[in-house]
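In what follows, a structure is listed as structure tokens, so that the remarks can point back to it.
Just so you know, all these numbers are worked out from the coordinates, no wet-lab data involved. Since the model is a prediction, treat every value here as computed from it, not as a measurement. Here the Cβ is made from the backbone with ideal geometry for all residues, glycine too, and neighbour counts use every protein chain on show.
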Amino acid sequence: MRIPKVSQISFLLASACLCASCAGPHAASNSDTPPESPVSEVQQSEPVVALTNDEVAEKYASEYTLSDSTPSHYDQDTTLTVNEVLGMVNDDGIIETEINGHIVYHPVSMSWNLLGIINLYEETHDSRLLKVAQDNVKYLLDGSTVIDGSRWFEYQFEHSRGELRMDVPWVSGMAQGMVLSVLSRMYDITHDDKYIPLMREIFQSFSVQKSTEGHWFTNLMKCPDSSSECMYFEEYPAAVDSQNTHVVNGHMYAIIGLYDYYRITKDALAASYINAGSYAQLHSLDLYRNPGAPSYYAMTNFGHKTWGAPEKYHEGVIAELRFIAEICQNDEFHQQASLLEQDHS
């Protein structure tokens, strides 16, 4: 099977795809130049080494009472047309992603494509769209790998941004979460139970401990107040620990993926991971808020210097905070979203 070409479908999900790593050629550029922007110094957290991911998650089992009725964050109207979708596929029915002249396997870009196609299928019930979705989900799964029961969606191209270097193969908490959302949405439209064990394999990757060898993306750190553990899902789990920056929207897309898995399965451990990740988000505002201006892309000093504070990304973070407020049934997230809107809107 040919590996897929960049699709404009990803960019039509403008209300959601606002970060530099969502989709498209800019997103996965191999040598992005950091923007000129103000940089603040924030107090850095310390790692947590004595507890497992599951142990920390379970400490937050009762932190929030999760909604059972909130629809997927991605279940929304789309501006796509059937002809646009059918015009994007290659001879094998696959939507290709091209970066720097090379066709690449890009889990996040493919996930954005699929989420838009699924929404359009729900609106039109055109069987051709369902076939495109099924073919591209198969492509996505065929490119994944299972290690010790966890399914990983590996990037097979190097990625760099400033001093950050992601060597092949690398994984992303954002990608793992977004593919969870894709499979949950496929379950929504097909009610095919085959997606449930696949989702469980992806969910298991959240439990994999941080290490110097092998894949991981769940990062346990002391919360900014140092009184409890914060669980961050790293969009870019770096080999150099100081480069693990807690990218804000990457972390929240992982939470959204966990919620999509939870609303299908009602998995109690998944609920605990949602609560733990959401607690970390709520207690980290001062790490990425940029008073009077767009918020920072990431939470650490290295992240501030590497990505700055992109305006459109700021808008997406506000929307994601409001979604987490709904699933956690907690108005503090709405209050933080409103504060960011006051900073810049």
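With +1 on each Lys and Arg Cβ and -1 on each Asp and Glu Cβ, how big is the dipole of region 177-258 about its Cα centre, in debye rounded to the nearest 20?
Roughly 60 debye for region 177-258.
Against the longest principal axis of the chain, how steep is helix 173-190, in degrees 0 to 90 to the nearest 10, with axes from Cα atoms?
Here the helix axis deviates by roughly 40 degrees.
Which one, L141, Y187, M221, projects farthest toward the positive side of the charge dipole computed for region 135-223 from Cβ point charges (K/R +1, D/E -1)?
Working it through, the farthest residue towards the positive pole turns out to be M221.
From the square roots a ≥ b ≥ c of the eigenvalues of the alpha-carbon gyration tensor of region 202-336, which class results: rounded (a/c under 1.5), prolate (a/b over b/c), or oblate?
It comes out oblate by the Cα gyration axes.
Using amide H atoms built 1.01 Å from N in the peptide plane, name the residues 5+ places from E96, or on other chains, whose amide H lies under 5 Å from its own.
HN-HN under 5 Å from E96: K5, N90.
Taking H placed 1.01 Å from N in the peptide plane, check which residues at least 5 places from C230 or on another chain put their amide H under 5 Å from its amide H.
M221, K222, C223
Suppose every Lys and Arg Cβ carries +1 and every Asp and Glu Cβ carries -1, with no other charges. What dipole size does region 253-345 come out with about its Cα centre, to the nearest 20 debye?
Rounded to the nearest 20 debye, it is 220 debye.
Using helices alone, what [θ] at 222 nm do you get for the chain, with -39,500 (n - 2.57) per DSSP H run of 4 or more residues, divided over all residues and rounded to the nearest 500?
-14000 deg cm²/dmol
Quick one: angle between helix 331-343 and the longest Cα principal axis of the chain, in degrees between 0 and 90, rounded to 10, please.
Roughly 90 degrees between the two axes.
Charges only on Cβ, +1 for Lys and Arg, -1 for Asp and Glu: so what's the dipole of the chain about the Cα centre, in debye to the nearest 20?
340
If we sort 188-195, 125-132 on the protection proxy, mean other Cβ atoms within 10 Å, highest first, what's the order?
So the order, starting with the most tightly packed, is 125-132, 188-195.
Which of the three applies to region 49-174, rounded, prolate or oblate, going by the alpha-carbon gyration tensor with a ≥ b ≥ c and a/c under 1.5 meaning rounded?
oblate
Mind ordering 157-163, 178-184 by average Cβ neighbours within 10 Å, highest first?
So the order, starting with the most tightly packed, is 178-184, 157-163.
On C-alpha positions alone, give me the angle between the axis of helix 268-282 and the longest principal axis of the chain, in degrees, nearest 10.
Approximately 60 degrees, to the nearest ten.
Can you give the Rg and Dmax of region 232-290 based on its C-alpha atoms, in angstrom?
Reported Rg and Dmax, both Å: 12.5, 38.
If only Cα atoms are counted, what is the Rg of the chain, and what is its Dmax, in Å?
18.7, 56
For the chain, what number of Lys pairs, 8 or more residues apart or on separate chains, have alpha-carbon atoms under 30 Å from each other?
Close lysine pairs under the 30 Å cut-off: 20.
Per Stokes-Einstein, at 37 °C and 0.692 mPa s, what whole-number D in µm² s⁻¹ belongs to region 131-184, with the Kirkwood radius over Cα pairs as the hydrodynamic radius?
264
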